[in-house]
Every structure is written in C-alpha cells, then in structure tokens.
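> After the structure tokens below, expect a handful of questions from me.
Taken together, the values in this text are just the output of simple stated rules run on the coordinates, not laboratory data. Keep in mind that what you see is a predicted model, and the values were worked out from it rather than measured. Every residue, glycine as well, gets a Cβ built from its backbone with ideal geometry; the counts of neighbours run over all protein chains shown.
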Amino acid sequence: MISFSDVSKQYGKQVLFVDASFQLNPGEKVGLVGPNGAGKSTLFRMITGEESPDDGVVTVPKRVTIGLFKQEVDEMSGRPALDEAIAGSGRAGDLHHELIELEAAMSDPDRVDEMDQILERFGHVQEEYQHLGGYELEARAREVLHGLGFSDEQIDGDVGALSGGWKMRVSMARILLGNFDVLLLDEPTNHLDIESILWLEKFLKSVPSTILMTSHDRDFMNRIVSKILEIDEGDIITYSGDYDFYVREREMREKNQEAAYARQQAKLAKEQRFIDRFSAHAAKAAQVQSRVKALEKQERIEPPKKRKTMKFEFRTPGRSGDDVAMLAGVEKRFGARTIYDHFDFHVRRGERWCVMGKNGAGKSTLLKMVAGALSPDKGNVRLGASLKMGYFAQQSLDLLDPELTVWEQIQKDFPLENVGVLRNLLGAFQFSGDDVEKKIRSLSGGEKSRLVIARMLLDPPNFLVLDEPTNHLDLATKEMLVEALKEFEGTMLFVSHDRTFLRGLANRVLELGEEPLTYTGSYAEYVERTGHEAPGVHS
C-alpha cells in the first residue's frame, strides 16, 4: 500500500500540498485529476522518490517495483525498436541484453582465458531470466508494439528513425513490458490513435498492477479507473467511482456546500443584527456578550471554490455553396505503397465528416489534399464556391512567432479587434492572468494548440479541416471546444482519436480501409451499426 500522510510541499511561493493524505491499495486503478500546475507530476515524483515532501510522510513498500511513463522522450538510436522496448522494461530487459553480451563473449577467441567465469555468469543469468519469464519477452514485446500501432518494419527498424510521437510509444511499451507492481502513467493516450487507445484500455484492465494515471480522455478514464484522486488547492480528495461519478459527486458536494454556506451566512447575519441592535441596552448586555462569544467560536463554512469555465460563442461564418469539397478519381502513392486508388468523395454544406482508419490508411493525407497542402498523383480535388477554410494540423503550431507573447500574437493577428473580445477569447481557451504574457517559445504543445485553435475560430471559416485538434488539450478545454463546435454553422472534415469529440460532432463517417466506406449518421450510430469504435477493433 502506498500512502501520503499529512504531506505538505511548496516551491517558493507556490503551495502544492497542505496536510494532504490518501492511500493507494494493491490492484486499484485510480485516476489523478486537477488543473495544470496543481502538482500531479510532483505527486508522481514523490512516489518514485525523486522528490521528498517538506512535511508529512510518503510510504512506499520497499519491494514494490514502480514503472513511470512520462511526457519526455529518452534519447533512442542505434538499435531496433524491439530491443529498445525490451532494454528499458525492468530486470528481465537488463538480463535479456546481458545474455546477448555473454553469448558474444563465449564466441570471442580473445576471451578464452575468462571462459569459466563467463559460463558461470551465463548460467546464473539464464536461470534468473527463465524464472522471470524472459524467454517469452520478445514475443510479448512484439505483441505490445503491434498493439501500440507499430508495423513489423518499424519494430525491427532503427528506433532513431522514428518521430518523437513514435518514440513515446516505445517508452510506453517499455513500461507495459516491465511487469511492475505499480504503474504511474502521465497522459498515456497523448500520442496514440484510437485503435491503440482501445488496445491499451484492454491491456490495462487485464493487468494486476496498481495504476495511478492522469488522462485528458474521459472515455479512457471511465473504462479503467474505479477511484479518483482530485488535487484541489493543496488538498487531495478521494472519490470512489469512475470519472463521470466524480463529476456528479463533485457538483453535488459543491451544491451542498453552497446551501450550507448560505444557511450559515443567514444565521450569522441574524445574530449580528441582534448584537448591533441591542449592544447599547444594559438589560440585554449578557445576551449580547453571549452571542458575541458564540459568533467568535462558530466554525465558518467556506464558500465552494468556483471553477472558471468560460464559454466561447462563434460568430456566424459566411455561407458557402452547397458543394464544399469534391474529390474525383484521386490516386496517391508513397513509394510502392498505394494510399488512394480512383477515390471519389463529396462533402456538402453542413456535413461533419469524421475520418476513421488504421495507421497508414491515409487519414492525414486526405485532409492535406483537401487543404491544398498535398497534391494527388492523379485525379482532382475541387473546392466549392464562397469557401473560407480553416486547416489545423500539428504543423500549424509552426505558424506562431516564438518571440512574441500570447497577447502580442493575438493582437498582431487581430489589430482592429476589441481588447475585451480578445481577452474573452483567450480566457475561453484557458489563457488568463499572467498566462497571456508567456512567450510562445516557452508554451507547451497543449498551450500552442489552444492558441492556434483560438486564432482560427475568432474569425471563423465556413469549412473546418481539423487533424487531431484535441491532442494535448485538457478536459475542460476539450469539452468547451465540443460545445462551441456544436453551434458551428459551417462544414467540418476531421480526424480525432477522442470519442467525446467524435460522438459530440460527427454526423457522417468515412472509414478508410481496403475499400473506403461511408456512413450517413453520427459516430454513435456508426459504432452501433458496425460493432466497433474504430476499424478492425471490436468493442
């Protein structure tokens, strides 16, 4: 059992925890929630022993093994992704690589004199490796990497050739292979597509490990956790249920506290009126003094903390023509791989198409061709009349000026706009107070995404083309964005791995596979009709 008892922690003037307590029991699967900067990463580091509390006690049993997945990529290159995943997977991984080195040493003619020691060491290592199930490790590593979306070519290829997002998946594979007693997972779904997320859900539900995780994916949390720890202004509050239960329970607690606060304030005001009215009356002096003392002793109920969630309302975009995007006979290849072959697709005004498909099916390629960022090899892509497009992809973040502050960037983009409107816009996307003075170069990926989307939506296009717009967005911003886009009167074509986004917005589904398939209906109807939440993944 891992426990925090009366833990306090602060950095300078920033107070993270004040006499905070909780316990994590064996086998529990727990979600950790709280606003950015609340102390979630610090809590993880105190469990791993990287940091200590200022006061209080953090108890972690000595023999408990802990696997930590964090949003930082280690340097990786020079060996296959498979070896890299095995290497960092704990004791069995260390032994795997020692066996490879010992086998090389046994066939090295220059080390004949050391052969007795090498053979003795090989026997010890082999015995421990076998005891830990090491001989199944390579097969398990391949299974995990496949589950996380890797092709055989990527698994056996140099890990150094992979992008940052794919290296994050290798880091994830290491943790999942380690058979750790406790898994600490910081945003495990950030770099995954929906197929990999669904695989990871099943994997985490099946392992006996204790899990403590943060996640901006509401569905993912609901399906895995049965307990929530909320960091709330220095305190840690435990809720026994999934994420939806936590939201309902927190709202109920806030309403009850608000009612109790209002009742107490009315009672205090009544007592104060009595004191004010009779303080000069000698006959009532004893009663007045008694009530003054009672008021002083009264334990005051705090008003509930109001969580600011600003709404964003769209200005109405200009109306486009009925035909928005038309693809006819489109062909697209990358080397020997055919992505599209005589592909026809038609987007009409008011439609909201979500594009589904496994890794490499051509989802981003389609959006790039529609946005004009990529040309088809054959066929044509035509856009309709009176069209104003807004295209969001991860590359859009490069359009920001790293030397400007958030406020300078938004003022540069909209020099004639009212200051109040700009502040409301930034507030809706979680930029308030000193946040607007941050330099863009110092922003996280999530903050940059929020700023790019905010800029795009202030002067709204009538055709939104969005490639994974919710990557790195926290739950509050994501839900605000979904609510705002529900009111959007234009047309949408998007790729997303977030089921809240898919369920809330799609009224058409394009599934890319051997043969492209279209479904006229919502994402929820698509799931019901096909029996899967993503191509090839059955619920």
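> Starting from the Cα of Lys293, draw a straight line to each of the lysines and keep only those under 27 Å, dropping any in the same chain fewer than 8 residues away.
Result set, ordered by chain and number: Lys267, Lys270, Lys284.
> Taking the dipole about the Cα centre of region 77-180, with the C-beta of Lys and Arg at +1 and of Asp and Glu at -1, give me whichever of Val170, Phe122, Ala81 is farthest to the positive side.
The residue sitting most towards the positive pole is Val170.
> Here is a further query. Sorted by mean Cβ packing within 10 Å, highest first, what order do the peptides 286-296, 95-105 take?
On the way: 286-296: 12.3, 95-105: 15.6.
Top to bottom by mean Cβ count within 10 Å: 95-105, 286-296.
> Grab every C-alpha pair in region 323-538, bin the distances at 5 angstrom width from 0 up to the longest one, and report whole percents.
Binned Cα distances yield the sequence 1, 6, 14, 18, 18, 16, 12, 8, 5, 2, 0.
> Okay, next question. When the Cα centres of region 56-93 and region 393-420 are compared, how far apart do they sit, in Å?
About 39 Å separates the Cα centre of region 56-93 from the one of region 393-420.
> In this model, which of Lys255/Lys297; Lys40/Lys486; Lys40/Lys448 are farther than 29 Å apart at the alpha-carbon?
On the way: Lys255/Lys297 25 Å; Lys40/Lys486 31 Å; Lys40/Lys448 21 Å.
Cα-Cα > 29 Å for Lys40/Lys486; rest within.
> How big is the antiparallel share of DSSP beta bridges in the chain, given as a percent to the nearest 5? Please list the in-between numbers first.
Values: 37 of 71 bridges.
Bridges in the chain are about 50 percent antiparallel.
> Now for a separate question. Counting residues in region 269-404 as N, plug N into 2.2 N^0.38 Å and put the Cα Rg over that result.
Details: Rg = 33.6 Å, N = 136, 2.2 N^0.38 = 14.2 Å.
Region 269-404 yields a ratio of 2.36.
> How many percent of Cα pairs in region 57-214 exceed 22 Å?
47 percent
> By per-residue mean of other Cβ atoms within 10 Å, what is the highest-first order of 67-77, 23-33? It would help to have the intermediate numbers written out before the result.
On the way: 67-77: 15.1, 23-33: 17.9.
In decreasing order of mean packing, 67-77, 23-33 become 23-33, 67-77.
> What's the center-to-center distance, using Cα atoms, between region 467-502 and region 137-196 in Å?
Taking the Cα centre of region 137-196 as reference, the centre of region 467-502 is 26 Å away.
> Report the one residue of Pro460, Leu68, Gly149 whose Cα lies farthest in the direction of the positive end of the charge dipole of the chain (charges on C-beta: Lys and Arg +1, Asp and Glu -1; origin at the Cα centre).
Result: Pro460, furthest along the dipole toward the positive end.
> What Kirkwood Rh does region 353-426 have if only Cα atoms enter the pairwise 1/r average? Answer in Å.
On the way: mean 1/r = 0.0639 Å⁻¹.
After inverting the pairwise mean of 1/r, the radius is 15.6 Å.
> Would you mind ranking Thr477, Thr520, Thr405 so that the residue whose beta carbon has the fewest other beta carbons within 10 Å leads the list? Intermediate values should be presented prior to the final figure.
Details: Thr477 23, Thr520 10, Thr405 17.
Going from sparsest to densest Cβ surroundings: Thr520, Thr405, Thr477.
> Take every Cα pair under 8 Å in the chain that's 6+ residues apart, average their separations, divide by the length, and report that relative contact order as a whole percent. Don't skip to the answer; put the middle values down first.
Values: 906 pairs, mean separation 76.0, N = 539.
Value for the chain: 14 percent.
> Scan around Ala506 for amide H atoms under 5 Å from its own, H built in the peptide plane at 1.01 Å from N, and keep only partners 5 or more places away or cross-chain.
HN-HN under 5 Å from Ala506: Tyr523.
> Okay, moving on. Over the C-alpha atoms of region 1-79, what are the Rg and the largest Cα-to-Cα span, Dmax, in Å?
14.3, 47
> Continuing with this model, one more query. Would you mind pulling out the separation of the Cα centroids of region 310-380 and region 437-461, in Å?
24 Å
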